[in-house]
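To start, the structure itself, in structure tokens.
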Amino acid sequence: NINQRSRRMRVVIFSLFTLYALPAVADTTLFVGAGSRSGGSVERQAGSGAIVPNSQNNNQSVSLGSGTSVDISADMAIAPNSAYQLWLSQSSHSLQPLSGGTLRVSHAQIGGINIYPDPDSGLRPFLAGGIGASEIRVGNADAKLYPSFSLAGGLDIPLGRMLTARLEARWTAVVVTADYLVYCADGCSARINAGLWSQWGGGASLGVCFY
């Protein structure tokens, strides 16, 4: 609907504006990477081909397989080992072996990161987290926008003064605020139930620092 599209457009515009302005911010590191994400069960209703994520009934339940993800994050330093963090990500998952189709999840979150450097090895373990909004789209149904949050941990590997490699694992949780109809296949409808819809992911990225 119009309100849903308007909310999505505001999220996109805010994210693009923030990324455009980042190089002007001192001590900002921009990371771009890829990985995989999995989790979030889907369920087929008895006697139908309907796909029902997070259903609470006793029908057949199948976890989503690993999907590919693309991630962009920006760390804006506020102290030597602390920074605000903007995190953008999108993953795509096949809904086989159920009715088929694709489930896409997009995240836009802002939070923080704390780094715990090891002076001996030069490696930089970190913990991070954020809150924001996430969009879920199942098949060709209208996408829905929900509140979300995430927790992450990983390791930064300095590659010089301006380059850093990052290995990261992240847990994401989408707060589905109400049941809604999302998909129709073989004449059957499906829904995403209200509740916490969570996934695990991991990946690698390369960062460039703007001083």
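When you scan segment 193-211, how many residues do you find that are in a strand (DSSP E or B) and farther than 12 Å from F149 by Cα? Here the count works out to 12. Taking the criterion of being open to solvent by 20 Å² or more (accessible area, probe 1.4 Å) and in contact with an Asp or Glu (Cβ under 7 Å, 6 or more places away or on another chain), the residues of segment 106-122 that qualify are S106, I115. Could you please give the count of residues in segment 132-154 that are open to solvent by 50 Å² or more (accessible area, probe 1.4 Å) and either closer than 19 Å to G202 by Cα or not in a strand (DSSP E or B) (or both)? Here the count works out to 4.
Conditions (1) among the small types (G, A, S); (2) at pLDDT below 90; (3) out of contact with any Asp or Glu (no Cβ under 8 Å at 6 or more places or on another chain), marked per residue:
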| position | (1), (2), (3) |
| --- | --- |
| L127 | no, no, yes |
| S134 | yes, no, yes |
| S150 | yes, no, yes |
| P158 | no, no, yes |
| T177 | no, yes, yes |
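The values are calculated or read from the model by the stated rules, or taken from the named source; none is laboratory data. Here the structure is a predicted model, which is why all the values come from computation and not from measurement. So basically every Cβ, Gly included, is an ideal-geometry build from the backbone, and we count neighbours across all protein chains shown. Calculation scope for accessible area: heavy atoms of the full protein, side chains included, ligands and nucleic acids excluded. Shrake-Rupley method; radii C 1.70, N 1.55, O 1.52, S 1.80 Å.
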